[in-house]
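**Q** Just dropping this structure here.
The values are calculated or read from the model by the stated rules, or taken from the named source; none is laboratory data. As the structure is a prediction and not an experimental result, all values here were calculated from the model. Cβ coordinates were reconstructed from backbone atoms using ideal geometry, including for glycine residues, and neighbour counts include every protein chain displayed.
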Amino acid sequence: MTAAARAAQRVRPVRSTDDVVLIAVVALGGLFLAVALAAPLGALLAKSFQDEAGRFVGLANYIRYVETPALLGSLWNSLWVAALTTAIVLPLAFGYAYALTRSAMPGKAFFRAIALLPILAPSLLPALALIYLFGNQGMLKPLLMGGTIYGPAGIIVSEVFYCFPPAVLILATALSGADARLYEAAEALRASRIRVMRTVTLPAARYGMVSAGFVVFTLVITDFGIPKVIGGSFNVLATDVYKQVVGQQNFQMGAVVGMVLLAPAVLAYLADGWARRRQTSSVSARAVPYVAKRRPKRDGPLLLHCAVIAALMLGLIGVAAWGSLITFWPWNLSLTLANYEFGRFDSAGWGSWWNSVTLAAWTAAIGAPLVFVFAYGMEKAKTVPALAGIVRFAATVPLAVPGLVLGIAYIFYFNAPANPAGFLYGTTGILVLNSIVHFYTVGHLASVTALKQLDPEFESVAASLKVPVWRSFLAVTVPISLPVILDVAIYLFVNAMTTVSAVVFLYAPDTKPASVALVQMDEAGQASAAAAMAITILATSAAVKALHVWTDGVIARRTQAWRSR
Amino acid sequence: MPDIAAAPRSDSAARQVEAPPTAGAYLVAERLTKRFGSFTALDDVSLAIARGEFVCFLGPSGCGKTTLLRAIAGLDPQDEGRIVQDGRDVSALSPSRRDFGIVFQSYALFPNMTVLANVGYGLSAQGRRRSEVETRARALLDLVGLADQWWKYPAQLSGGQQQRVALARAIAMNPGLLLLDEPLSALDALVRVHLRAEIKSLQRRLGITTIMVTHDQEEALSVADRIVVMNRGRIEQVGTPDEVYRTPASFFVAGFVGHMNALPGTVTDAGTVAVGRALIAADAARDFPTGAAVQVCIRPEDILVHPGAQNGTWLATAVRGIEYLGSIARVSLEAHGLPLVAEMSDAALRSLGLVPGVSITVSIAPSRVLLFPRADATKA
Amino acid sequence: MLRRPLLAALAAPLLATLPIAVADAQQRTRLTVYTALENEQLPEFKRAAEAALPGIEIVWVRDSTGIVTTRLLAEKENPRADVIWGLSVFSLQRLEQENMLLPYTPSGAEALRPQFRSSASPTTWIGMDAFVSAVCFNTAVARQRNLPTPSTWADLLDPAYRGLIAMPNPASSGTGLLTIAGWLGTMGEEQAWAFMTKLHENVAVYTHSGSAPCNNAARGEYAIGLSFDMRAVTLKNQGAPIEIIVPSDGVGFDLEGAAIVRGTRNEAAGRRLMDYAASEAAMALYGRYYALLGHPGVTPSVQGYPAAFAERLAKVDFGEVATNRDRILAEWSRRFDAKSAPRN
């Protein structure tokens, strides 16, 4: 009875090498986000409590904010426009993603590519195209029956176009992890299609739905390019930041509005945690991947759904492409290639295009592995839940940080004379860093969604086999997740290719990106040249995307044996 | 017939857990406690397992059996207590520093690797020569009867085949301890029966100390050398299958393992209990004071219908229903308003000509009547 | 093997973009010049300046006035710019308040109009040229809708223009501010606000940038865009059917100026560039685009400006506007900015 006699001792688990590796990954992730996100934002947000001379004034700026009716009006505008856009995007994207993953509809590869087209294009593109179509001189202006495209209508349509791809990306990832056996079971139980949708499909995709919803919501809230071009006098939070910071160089009030914009990040984090508690991994190692069989009654409407959306997207892009060839809209509609001679409009000429390609390639090549490895660490480092939680929160914050705010924060932080990382300032490096951080969240969420669908016991088995965690990560997790990692890389590439708001403050003479050149041309009234640059950016991204599709095909062929039944 | 598993749990005073003999044991767990927030998953659990033993952790879901297994593996370390494996205190060690192979209900096979690569994964990670790994992996596959499937991917195998691969992988590194976490729960009934027999024979051949977690008492009874019955984070009983079945240590074990007639009763004297209007002779009554409230438990097969059973309680009953189970049948009876279930061979059923409505006298041996304190007695 | 060629395919373009160390030793001084000049002017200005100043290379960082100013202020602790050449004087005054400009009186500065140099001595900035608020009037739309051609600000109150006017939001656009400053200067506070309140009835949209109203007018989105002359001239030269109207009842104007940034590591080269920026040769260069130059002795060669243009300038005290800016903007926002959606 020696056991009973002795008092039970508390256990202090000795950390294994694996634990240390995972903790190190999480810590590195935390450090990365602390240096590249938290510290710059902190430097800026400190300004929200200061007056112009840098003296601490407490909440005075906030009080002034609340007392300004115009600014509060923008808050309300932002909220309802974002909510409405989300309400429109989610069902459309769900139907689209559902068709891509759960139907036997023809042309899936084509539709998958089309769905991503909008993120291949600068966000100004839909707005430009809408002006060609529905502006006061637009070809389809009569369809508005006296209404105007400038204002909430134009913003919402453009935002739907702009937010559609990330929503599809997240939902398709969530839906592609279906376990065929659940469907067979449901079929055996003679559950109706609607019931199967309600009891099997939607619960499995719920995490994705919540994620997608908040991604869209915050993208709309923080987007600045679209409201600027097509919003008319309709004020939203992001344009308020612009007005305060760029119009009046009032960094203090800009920081206050930036703080207000951060609220969605907190909401997103809470919702993420809520969904996380309800999400169990839906694909265990024994799960049988779902392969849709042909069913015309389902596939037909889905095909129609996808075809209509794809046609609208191609239509908008087509209008922009046509616009890029017009000599002088709307007075001289003869076609010309002269708008592509960028040297005529911008001293950097085609050089800015190459700058963008460089920036995007580095962002993707560094960002995608980084995002995935950090996401893996956060999911697997069970011994440091508090640290992982904090880092996870940090990873969701960039989504809610408007590019303008991030860009200015970067100047204050990285250009401070005392900052040892100051050498990055004015190089492509800072643009790459900024782009990785700016677009971190969607890649992170996609990675997490994919990781959640892996059997949680892989690591347990590997540990029992004495295989170090990094080896299993490389041998098992990465190969299984390769499509997602590639998706993230492409997402980063195209966003770095098209981003404006943050980099506009950070580019140096030799590193001006094409997207900035595009905005400058638009501001100079060279609409057709701007459209031409937009199409050039789109074409570049599309070419990279085509390479991606081809690569995906190769991977799918090579891994067919283990991915399908 | 009421399922006793759902009946109120016996008072903890009935738990007669023997302190296990720790000397010479291969695996010793001492006073393990594990909490998840306010929920206590393991409540001061101690256990010893001998080398080469096949032990089953049996209990309803949430009883702590998987938690105990994962604590032993180091996957979810206990908060308090000590685990000694093969003389080495492993309490604080991470899974990779311990010595075990594990099989999960989900198989957890690496989908992107062939069967051969899965089995050889641990070996090749150790930097062994490729040919050596392959030879060993093939030998293991041979052992689990999958020698000809080595080139396939997990998704191309049936569930039973996948679990065999997982088993081969788990023993590939010659672990001292094999942990099986509900390995058969995801499989079809027939495959389960097959595979559990194979696991048992494999375990005998290898002589590897094995712990299997299951919620299926039949599975536990059929394969285990010893069964650890758990409930609400505590061990209710540790014993061989027949001990657990014949002399359950608590009302919970009596109800959870096998079928049981469970009736509330009162001890009337040192040899009798009263159940409703019936008086039943019970040797166990001498352990209780007169008037004690007890649960009276009788196995269905101990309610005898054969004439000739001499001593014991005779009860006049009426047949209410018959459930055929192939070689045996379960007969629902009513005695003085009490529901009883008896089990008999099909042959006996035929020879007695039992049909619903027929009256029959049954006998119950006093030695076969089990009594447990009734928890709700004070409230009643 | 899948991975190798794939990796190689991915790596090749990356490696190609690695910044390759420039081999030839840099003899010339690189001056980083922040500017809001128009894109098409930059190559010409660079060529001319580098020809006049051997040993100096000009590297432009060009963006809109707001962005350039924001960048300069944000970089205050560690300035990246050497010289500012072509930035609104409103911005330069803001920088001066922040003590970010290095005083230097360029040779020849005394020849400039008094308004075209800072009151400090030595001067902190010099003015190059002036641009004025102007009305871009789309003649094609006017024909469609049978609109009269305005010639004064007061004309814009005509109900015929209801919903056809675009104007920059002064809270985000320097052009918007100079326009309002002009009205305040010529009409006096009270009348100016009354005018704006009436004009508000006709305004369809307050845009974020100063170029947008004229761009919109050029595209026919609106009939009238309140903008500035340079933008209007450029668009007209591109072929836009617009008429440039400089209202005869007084227009706000802004100067484009040049200054040395405090903290530059190339002060000597910066001074040389400032000397050039104030020279008659440079003034002639500005004169190809602007009708009013800092040097009264240089005649602008730009076409399309109304005669007697200089007389139409409003009395604008830049210092006063800069001081009262916050108050003016707050008042403007209170009155007009809360307008949530454009009227149709």
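**Q** Of all residues in the stretch B:60-76, how many are within 15 Å of B:VAL28 (Cα to Cα) and in a helix (DSSP H, G or I)?
**A** Looking only at that region, the number is 6.
**Q** Sort out which residues of the stretch B:322-344 are exposed (fewer than 13 other Cβ atoms within 10 Å of the Cβ) and in a strand (DSSP E or B), and write them in order of number.
**A** Answer for the stretch B:322-344, where residues must be exposed (fewer than 13 other Cβ atoms within 10 Å of the Cβ) and in a strand (DSSP E or B): B:GLU323, B:TYR324, B:LEU325.
**Q** If the requirement is being within 7 Å of another protein chain (Cβ to nearest Cβ), among the hydroxyl-bearing types (Ser, Thr, Tyr) and more than 16 Å from A:TYR410 (Cβ to Cβ), which of these qualifies: C:THR105, C:THR65, C:THR69?
**A** Among C:THR105, C:THR65, C:THR69, only C:THR69 is within 7 Å of another protein chain (Cβ to nearest Cβ), among the hydroxyl-bearing types (Ser, Thr, Tyr) and more than 16 Å from A:TYR410 (Cβ to Cβ).
**Q** Looking at (1) surrounded by fewer than 24 Cβ atoms within 10 Å (Cβ to Cβ); (2) facing chain A (nearest Cβ under 8 Å); (3) under 15 Å from C:LEU156 (Cα atoms); (4) not polar (S, T, N, Q), which is the one condition that is false for C:GLY220?
**A** (3)
**Q** Provide a single number: the residues in the stretch B:77-98 that are surrounded by 21 or more Cβ atoms within 10 Å (Cβ to Cβ), part of a strand (DSSP E or B) and facing chain A (nearest Cβ under 7 Å).
**A** Count: 1.
**Q** If A:TYR507 meets every condition in (1) among the aromatic types (Phe, Trp, Tyr); (2) more than 14 Å from chain B (Cβ to nearest Cβ); (3) part of a helix (DSSP H, G or I) apart from one, which number is that one?
**A** (3)
**Q** Restricting attention to the stretch C:239-271, which residues are in contact with a Cys (Cβ under 7 Å, 6 or more places away or on another chain) and either in the same structural domain as C:LEU95 (by TED's automatic domain parsing) or surrounded by fewer than 22 Cβ atoms within 10 Å (Cβ to Cβ) (or both)?
**A** C:ILE244
**Q** Then there is this: Just the residues that are among the hydroxyl-bearing types (Ser, Thr, Tyr) and under 27 Å from the mean Cα position of the chain (by Cα), please, taken from the stretch B:304-353.
**A** Initial filter on the stretch B:304-353 (among the hydroxyl-bearing types (Ser, Thr, Tyr)): B:313, B:317, B:324, B:327, B:332, B:345, B:351.
Once the filter is applied, which keeps residues that are among the hydroxyl-bearing types (Ser, Thr, Tyr) and under 27 Å from the mean Cα position of the chain (by Cα), the stretch B:304-353 yields B:TYR324, B:SER327, B:SER332, B:SER345.
**Q** Tell me, which helices (runs of 4 or more DSSP H) lie completely within the stretch A:85-188 with 3 or more residues that are under 14 Å from A:LEU312 (Cβ atoms) and hydrophobic (A, V, I, L, M, F, W, C)?
**A** Values: elements: A:108-120, A:124-134, A:152-176, A:180-188.
Hits in the stretch A:85-188: A:108-120, A:124-134, A:152-176.
**Q** Among the residues of the stretch B:112-147, how many are surrounded by 23 or more Cβ atoms within 10 Å (Cβ to Cβ), in contact with a helix residue (DSSP H, G or I) (Cβ under 6 Å, 6 or more places away or on another chain) and within 7 Å of another protein chain (Cβ to nearest Cβ)?
**A** Qualifying residue count for the region: 0.
**Q** Check whether at least one residue in the stretch B:23-36 is within 10 Å of chain A (Cβ to nearest Cβ), over 27 Å from A:SER16 (Cβ atoms) and not in a strand (DSSP E or B), and report yes or no.
**A** Checking the stretch B:23-36: at least one residue is within 10 Å of chain A (Cβ to nearest Cβ), over 27 Å from A:SER16 (Cβ atoms) and not in a strand (DSSP E or B).
**Q** If you don't mind, another one. Hey, could you check the stretch B:239-264 for residues that are within 19 Å of B:ILE364 (Cα to Cα) and among the aliphatic types (A, V, I, L, M) and say which is nearest to the chain's Cα centre (by Cα)?
**A** Step by step, filter the stretch B:239-264, then rank; the result is B:ALA254.
**Q** Tally up the residues in the stretch C:41-65 that are of a type outside the set (D, E, K, R), touching a residue at least 40 places away in the same chain (Cβ under 8 Å) and assigned to a helix (DSSP H, G or I), please.
**A** Number of matching residues: 6.
Let's see how each residue does on (1) outside any loop (DSSP other than H, G, I, E, B); (2) buried (at least 22 other Cβ atoms within 10 Å of the Cβ); (3) away from chain B (no Cβ under 14 Å):
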residue	(1), (2), (3)
A:ALA517	yes, yes, yes
A:GLY525	no, yes, yes
A:ALA531	yes, yes, yes
A:ILE535	yes, yes, yes
A:ALA546	yes, no, yes
A:VAL554	yes, no, yes
A:TRP562	yes, no, no
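**Q** Name the residue, out of A:ALA421, A:ALA450, A:ALA462, A:ALA409, that is assigned to a helix (DSSP H, G or I), within 14 Å of chain B (Cβ to nearest Cβ) and at pLDDT below 90. First the steps, then the outcome.
**A** Values: A:ALA421 fails: within 14 Å of chain B (Cβ to nearest Cβ); A:ALA462 fails: at pLDDT below 90; A:ALA409 fails: within 14 Å of chain B (Cβ to nearest Cβ).
After applying the criteria, what remains is A:ALA450.
**Q** So which of A:LEU33, A:LEU28, A:LEU37, A:LEU22 ends up being surrounded by 15 or more Cβ atoms within 10 Å (Cβ to Cβ), within 14 Å of chain B (Cβ to nearest Cβ) and at pLDDT 90 or above?
**A** Going through A:LEU33, A:LEU28, A:LEU37, A:LEU22 in turn, the sole match is A:LEU22.
**Q** Tell me, which residue of the stretch B:182-225 that is surrounded by 20 or more Cβ atoms within 10 Å (Cβ to Cβ) and of a type in the set (Val, Ile, Thr) is nearest to B:LYS65 (Cα to Cα)?
**A** Filtering the stretch B:182-225 for residues that are surrounded by 20 or more Cβ atoms within 10 Å (Cβ to Cβ) and of a type in the set (Val, Ile, Thr), the one nearest to B:LYS65 (Cα to Cα) comes out as B:VAL213.
**Q** Restricting to the stretch A:330-366, name every residue that is of a type in the set (S, T, N, Q), surrounded by 14 or more Cβ atoms within 10 Å (Cβ to Cβ) and either in contact (Cβ under 8 Å) with a residue 24 or more places away in the chain or more than 9 Å from chain C (Cβ to nearest Cβ) (or both).
**A** Once the filter is applied, which keeps residues that are of a type in the set (S, T, N, Q), surrounded by 14 or more Cβ atoms within 10 Å (Cβ to Cβ) and either in contact (Cβ under 8 Å) with a residue 24 or more places away in the chain or more than 9 Å from chain C (Cβ to nearest Cβ) (or both), the stretch A:330-366 yields A:THR336, A:ASN339, A:SER352, A:ASN355, A:SER356, A:THR358, A:THR363.
**Q** Can you give me the number of residues within the stretch B:226-256 that are assigned to a loop (DSSP other than H, G, I, E, B) and in contact with a strand residue (DSSP E or B) (Cβ under 7 Å, 6 or more places away or on another chain)? Full working, then the answer.
**A** Initially, the stretch B:226-256 is screened for residues assigned to a loop (DSSP other than H, G, I, E, B), giving B:232-233, B:240, B:247-250.
Still in the running and in contact with a strand residue (DSSP E or B) (Cβ under 7 Å, 6 or more places away or on another chain): B:233, B:240, B:248-250.
So the answer is 5.
**Q** While we're here: Return a yes/no flag: does the stretch A:315-327 have any residue that is more than 14 Å from every other protein chain (Cβ to nearest Cβ), surrounded by fewer than 17 Cβ atoms within 10 Å (Cβ to Cβ) and either under 30 Å from A:LEU175 (Cα atoms) or in contact with a Ser or Thr (Cβ under 7 Å, 6 or more places away or on another chain) (or both).
**A** Looking for residues that are more than 14 Å from every other protein chain (Cβ to nearest Cβ), surrounded by fewer than 17 Cβ atoms within 10 Å (Cβ to Cβ) and either under 30 Å from A:LEU175 (Cα atoms) or in contact with a Ser or Thr (Cβ under 7 Å, 6 or more places away or on another chain) (or both), one finds at least one in the stretch A:315-327, hence yes.
**Q** Also, I was wondering about something else. Just to be sure, is B:LEU146 farther than 26 Å from B:ILE49 by Cβ and hydrophobic (A, V, I, L, M, F, W, C)?
**A** Here the answer is yes, as B:LEU146 does meet what is asked.
**Q** Sticking with this one: From the list B:THR268, B:THR290, which one is in a strand (DSSP E or B), modelled with pLDDT of 90 or more and surrounded by fewer than 18 Cβ atoms within 10 Å (Cβ to Cβ)?
**A** B:THR268
**Q** Also: With respect to C:LEU292, determine if the residue is over 23 Å from C:GLU189 (Cβ atoms), touching a residue at least 40 places away in the same chain (Cβ under 8 Å) and not basic (Lys, Arg).
**A** yes
Matching residues to (1) crowded, with 18+ Cβ neighbours inside 10 Å; (2) among the aliphatic types (A, V, I, L, M); (3) more than 29 Å from C:LEU178 (Cα to Cα):
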residue	(1), (2), (3)
C:LEU53	yes, yes, yes
C:VAL61	yes, yes, no
C:THR70	yes, no, no
C:ASN78	no, no, yes
